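Read through the structure below, which is laid out as C-alpha cells, and then see the notes.
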Amino acid sequence: MHAETDILFRESAAKALLDPQLRANFRRAMDGLITKRKAQFPDPEDLQELRHLSTAIRSRSLLNLPALLVQLEAACTRNGIQVHWAETCEQANQLVLDILQAQGATRLVKGKSMVSEEMHLNAFLESHGIEALESDLGEYIIQLDGETPSHIIMPAIHKNKDQIARQFSQKIKDAKYTEDVDELTAMARKVLRQKFLEADAGISGVNFAVANTGTLCLVENEGNGRMSTHVPPLHIAIMGLEKVVARLEDVAPLYAILTRSATGQAVSTYFNLISGPRGEGEKDGPQAVHLVILDNGRSRIYGDPQLQATLRCIRCGACMNHCPVYTRVGGHAYEATYPGPIGKILTPQMEGVGVRHDLLHGSSLCGACGEVCPVEIPIPDILVRLRREATHQDPASSVAGKGTGRTDAEDRAWRLWAALSKRPGLYRIVTWFATRFGWALPSGAPLLRDWTRFRTKPVPARRSLSERMRAERGSHD
Amino acid sequence: MTPARPPRAYFYATCLVDLFFPDAGMAGIQLLRQAGVQVIFPEGQTCCGQPAFNCGYWEEARDVARTQLALFPEDLPVILPSGSCAGMMKNHYPELFHGQPEEAQIKAFSGRVYELTQFLVDVLDVKLEDLGEPVKVTWHSSCHAVRDLGLKGEPQALLAQLAKVELATLAREHECCGFGGTFSVRQPEVSGAMVCDKAADAEATGASVVLSTDGGCLLNVKGALDQKGSPLKVQHIAEFLWERTHAR
Amino acid sequence: MTEARTAILERLSAAPAGGPPPLEDTAVMARRHWPAAERVVRLRKGMEAVRTEFLEAIPSDWPSVVQDFCDHEGIRNLLYGPGSNDGAALATAWDGEATLLPYDRPVEAFKTQLFTEVDAGFTSTVGGIAETGGILLMPGPAEPRLLSLVPPIHIALLRASTIQDSLWSAITNLGWGESLPPNALLISGPSKTADIEQTLAYGVHGPKRLIVVLVNDLR
C-alpha cells in the first residue's frame, strides 16, 4: 500500500498507544488545558465574535502579505533591525550562522521558537561549534534528553515530574533528586541565569510582526524570552513569513484570543514589543537585532486560495489539546515539528502529501480542531482536500507531492465501491447476500481483521430496510 | 426555510441503517407517519458517497451521488436517520458539485435535507408520551451531527419529553468515538483506543442504554461494548423513541 | 540574500487574488469599558490572581511606601533609573536602610553584579490594563530594560489614573499604534511557568516577586 519512503503515522501512533505512562501524561495535561480554556470563554457569543474578528484580521493580513512584508522590512530597517530572507531552512540556518560568526558568538541562549525547531537550528549550530541552549523550561527539559517538543506550547508535556526529577538529578551538576516542582524550577533557574549572563547572542521566535511600526511581539510567561532578547549583545529573531500583521491594533484581539486558547490565560506574564536594538542613551538591550524571515514552503501554500487558510494559524495549540487522536498518542508520534491537527495539514504541505499520506488519514474528521481554532481554520475540510491532492494529479494544483500517494489498491477499492453503489440493482443483490451470509465472513477477512481487534464482528440484519420497505409496498399494492 | 408541516417527505435510509439497523430506520419512518407525514421510501438507495468523498475520490463520490439525487425529484424534505450522512448531503454536496452542471440543482436539494431528530423537533414539533418503564440512558453525540451538520440539542429535547427516561451525561460527551468511516480501518489502533475509552465512559454512567443518531457510531460503540461482554444496549434514538411511545 | 527576497515576494505576488476578507467587527474589543474605580479593582484582581502583590499609596507618600517595604523585607539594595521623574523623586526622598543603586552606566560595566548582587529593581509604569490585569512599561535611557527583569524583586509604581480599559484601548490612547520605542511591554505578574506537569511555579527566569505600588490619584 505504501512506498518505503512514506512515513507511517499508524505505526508510530500504535507504538505510542502501548505506553500507558505517556497516555496518562497527555490525557491529564490536555484535560487541564481544555478546562482552563473553557473558563476563559464564559460567554459563547463573545468567543464567536472574537474568533470572527481574529479570523478577519488574519485573512486581511494574508491578503496583503507581500506588501506587508516589504513594509515590515522597511520599518525594521528604519528602526535599526537588519532583515534577512530565507527560502529554505538551509538558507536560514546559514544566515544565522553567518551573523553569529561575524560577531564571534559561540554561546547562544534561545527563547522558544517553533520555526527554529522547523529548521533544526540547534543541531546545525552545534555542528559548527556553537552552543545553542534552550532556555524555556520545557525546551530545556527536552534538550537535556536530546528530544524534540511534543507540543508547540508545552514542549515537555509528555514527561511527568518524576521523570523530570530523575533526569535533573542525573544531568544537572550537583542537583539532588526532588519531585518538588518549585525546587526543580529553581535548579533550572540557577543554571540558566548563569547562561544568560554569559551568552554572546540570543535567539527568539516572533508571535506577531507589526508592519507599520517594525515591531516584533513576543508572548511568554517565564521571562526567558526577555532574557534572550535583552541581555546578550546580539539578538536574532526568526519568523515564518506569515506572521506579519499591518498594525499594532491588529495584535490586540489576536493576543487576547491566543493566550486564552493556548493555556487558558486572559493574559500572559509578559507581552514584549521589540522595535529596535539598544537606542541612543540606552544602557542595555542588544547592540544589534536581526530578523530572519523564513519561507520553507509557505509561499507555495499561499498560492492556493483554500489552503492559504493554513497560514492564518497563530500557533496556540488548541487544536491539539482538543484532538482525540493527539490526546492519545502525543506529539512525537507525528514525527514532525508541528504535531496535532495543524501539523496534519501543515506537514504534508511542506514535505509532500505523498510521503505524508498516512498522516492525512490519521484523523476521524471529528471536527473538534476546527471548532476551537481561534482563527477558524477549516482543518477537516483541508484534510479532505489534501487527501484528494495526495491521490490525484490536478494540473492546476501547486500542492507539493500531489498524486504521489495514489496506490493501485486504493484506486481499485474506490472504483469497485462506485461501481456497486451507482448500480442499485447490483447493490441490491450484494446486500441480499450480505444479509443472508454476512455472518459467515471470517473475522480475519481484510478490513474486518483490524475492526475485530477491538470490537465484535458487525453482522448485517437478516433483512435490510430496503427489503422490508419493498415488502411493505408489495403488500399494499 | 422551514416548511410548515409538509404532508409528504422522502426517507433516505443510509447504507449503515439499511444494512445493520433496519429496525431504527423503520422506527424513524413510523415516527414520521405518526406525526402525519406520508413517507416516501424511494427504491434504489445505496450510499450518500461520503466515504469516497472523505478519502479524496470525488469523481467516484459524484457518480454515486448523482444516482442518489435522482431518487428525490419532488420538492419535498429528505430525511435521514444519520447526522453524518445528512451533513454530507447538506454541506458537502454543494462542495462536491462546485463547478458542475448540476450545481444550482444541488443547492436546492441540500436545502431540503434534514436529520431525523432535527425534522421531528424543528419542523414537526412532535410531542411524545412515555409509555415505558423507568430507564437510565446515555447519549453519544455524533461529531458530524453536531459539528458538521449543526444539531442544536434536538435529540436531547426529544429525550427530555420522555418522563421516565433519565439522561446520564457521558464524561466526554463531545469526544469522537473513533469511528470516522475509513479511519477505523486505516488507523485501527488509534480508533480502537478511542472506542474502548468511549465504551468505558458509557459504562461509567450507570446507564443501561447508549443512544446515538448515527449508524457508524452505533456500530462502533456496540462492537466495543459487546467485545467487553458489557450488558449495555446500544440503540439508535429513533428505535428507542418508537419503543418508548408504543406499548408492545 | 536578495535572490531569496525576490523569489519569495514574486511567488507571493503571483498568488491568485482571494476574495475580500470578512468584515471586521471590533465591538467585542470596544465594549470592554469600566469606570475608573472599577478599573482599579479589575486590575488588582487580575494581577493578584497571578501572585502580584500590591502596596497602596497616595501621591505624596509613595516613596515612603517603597522604603518601608524594602526595610521590612530586608532588601539590601534597590536598583533604579535616576533619569526618570519617579526615580529621581524616590532618590530625593530616600532615607531607607537599603542602598539605592542608580542604573546609570551601560550594563556591560556591571552585568555580573546585576545578576548576582542586586536584590530589587524599581521602575515607573506608563499605564495599566483593567480587563486582564497588567502594567505597561516603556523602558529606555531613563529606565533601562533589565531593571524590571533581572533583579529577583520588581517594584513598579502605578498611578490609578493611568489604568486603561484594555490593551486594545491602551494602544490607541498611548499612541503605540503609530510609533514605539525600542522596547515596550506589558507585565501581569512575576515570572512563571507551568512546563512541569502544568504545575504553576513562580520565579523561573525573571523576577520572583512583582510588587505594584498603587498610587490612588483618582479625582
Exercise. Quick one: compute the contact order of the stretch B:8-123, relative version, from alpha carbon pairs under 8 angstrom and 6+ residues apart, as a percent.
Key: 29 percent
Quiz item: Which far-off residues, 5 or more places away or on another chain, put their amide H under 5 Å from the one on A:Val244, with H placed in the peptide plane?
Solution: A:Ala209
Quiz item: For C:Glu48, what accessible area in Å² do you get when you roll a 1.4 Å probe over the heavy atoms of the protein chains, rounding to the nearest 10?
Solution: 80 Å²
Self-check item: Peptide-level mean, for C:14-24, of C-beta atoms on other protein chains within 10 Å
Solution: 6
Quiz item: What is the distance in Å between the Cα centres of the stretch B:88-154 and the stretch A:290-318?
Solution: 35 Å
Quiz item: In what sequence, highest mean first, do A:197-203, A:439-445 appear when ranked by Cβ atoms within 10 angstrom?
Solution: A:197-203, A:439-445
Quiz prompt | Electrostatic dipole magnitude of the protein assembly as shown [Cβ: Lys, Arg +1; Asp, Glu -1; Cα centre; debye, to 20] | solution = 2420 debye
Self-check item: chain C, helix-only ellipticity at 222 nm - DSSP H runs n ≥ 4, -39,500 (n - 2.57), divided by all residues, nearest 500
Solution: -8500 deg cm²/dmol
Quiz item: Any idea what Rg and Dmax come out to for the stretch B:27-178 if you just take the C-alpha atoms, in Å?
Solution: 17.0, 54
Exercise. Would you kindly compute the Cα radius of gyration of chain A and its largest Cα-Cα separation (Dmax), both in Å?
Key: 25.8, 98
Quiz prompt | Candidates B:Gly28, B:Gly192, B:Gly87, ranked by Gaussian network fluctuation over chain B, Cα under 10 Å, top entry | solution = B:Gly192
Quiz item: Could you state the number of Å between the C-alpha centres of the stretch B:174-239 and the stretch B:1-54?
Solution: 23 Å
Quiz prompt | CD proxy at 222 nm, helix term only [per DSSP H run n ≥ 4: -39500 (n - 2.57); per residue of chain B; nearest 500] | solution = -11500 deg cm²/dmol
Quiz item: Which whole-number percentage describes the relative contact order of chain A, with Cα contacts under 8 Å and a sequence gap of 6 or more?
Solution: 20 percent
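With a 1.4 Å probe, what is the total accessible area buried between chains B and A, in Å² rounded to the nearest 100?
So the total buried area for this chain pair works out to about 5800 Å².
Could you work out, residue by residue across C:140-148, how many beta carbons of other chains sit within 10 Å of that residue's beta carbon, and then give the average as an integer?
5
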Practice problem: Using a 10 Å cut-off on Cβ to Cβ distances, tally the other chain neighbours for every residue of A:52-63 and report the average as a whole number. | Solution: 4
Practice problem: Select from C:Gly81, A:Ala39, A:Gly370 the residue farthest towards the positive end of the dipole of the protein assembly as shown; place +1 on Cβ of Lys and Arg, -1 on Cβ of Asp and Glu, and compute about the Cα centre. | Solution: A:Gly370
Quiz item: How large is the accessible surface per residue of chain A, computed with a 1.4 Å probe and reported in Å² as a whole number?
Solution: 35 Å²
Quiz item: Which of the lysines could a cross-linker span from A:Lys36 if the Cα-Cα distance has to be under 25 Å and same-chain partners fewer than 8 positions apart are dropped?
Solution: A:Lys112, A:Lys159, A:Lys161, A:Lys344, B:Lys152, B:Lys198, C:Lys45, C:Lys192, C:Lys208
Exercise. Pairs of Cα atoms under 8 Å, at least six residues apart: use those to get the relative contact order of the stretch A:330-452, whole percent.
Key: 20 percent
Quiz item: When the helix-only estimate is applied to chain A (DSSP H runs of n ≥ 4, each -39,500 (n - 2.57), divided by the residue count), what is the mean residue ellipticity at 222 nm, nearest 500 deg cm²/dmol?
Solution: -15500 deg cm²/dmol
Self-check item: Hydrodynamic radius (Kirkwood) for the stretch A:277-366, which is based on Cα pairs only, to one decimal in Å
Solution: 15.4 Å
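Taking the solvent-accessible surface of protein heavy atoms with a 1.4 Å probe, what is the per residue accessible area of the stretch B:109-151 in Å²?
Values: 1430 Å² over 43 residues.
That works out to 33 Å² per residue.
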Self-check item: Lys, Arg +1 and Asp, Glu -1 on Cβ, resulting dipole of the stretch B:8-123 about Cα centre, debye, nearest 20
Solution: 240 debye
Exercise. Could you check how much of the accessible area of the protein assembly as shown is carbon and sulfur, as a whole percent, using a 1.4 Å probe?
Key: 54 percent
Self-check item: Rounded Å value of the spacing that divides the Cα centres of the stretch C:44-112 and the stretch A:430-473
Solution: 78 Å
Exercise. Could you give the spread of the C-alpha atoms of the protein assembly as shown along their three principal axes, from largest to smallest, in whole angstroms?
Key: 105, 60, 54
Quiz item: Which ³J(HN,Hα) values, rounded to whole Hz and listed in residue order, are derived for the stretch A:306-317 from phi using the Karplus coefficients 6.51, -1.76 and 1.60 in 6.51 cos²θ - 1.76 cosθ + 1.60 with θ = phi - 60°, glycine and proline given as x?
Solution: 6, 6, 3, 4, 3, 7, 5, 3, 10, 6, 8, x
Practice problem: Sort A:449-462, C:193-206 for me by packing, meaning the mean count of neighbouring Cβ atoms within 10 Å per residue, highest on top. | Solution: C:193-206, A:449-462
Exercise. Do me a favour and compute the ellipsoid semi-axes for the stretch C:39-175 from its Cα gyration tensor, root of five times each eigenvalue, largest one first, whole Å.
Key: 25, 17, 14
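Find the Cα radius of gyration of the stretch B:135-245, compare it with 2.2 N^0.38 Å by division, and give the number to two decimals. Don't skip to the end; give the middle numbers.
Working: Rg = 13.3 Å, N = 111, 2.2 N^0.38 = 13.2 Å.
For the stretch B:135-245, the normalised Cα radius of gyration comes out at 1.01.
The values are calculated or read from the model by the stated rules, or taken from the named source; none is laboratory data. These numbers were taken from a predicted model, which means no experiment stands behind them. Backbone-built Cβ (ideal geometry, glycine too); neighbour counts: all protein chains shown. For accessibility, only protein heavy atoms count, side chains too; no ligands or nucleic acids. Shrake-Rupley method; radii C 1.70, N 1.55, O 1.52, S 1.80 Å.
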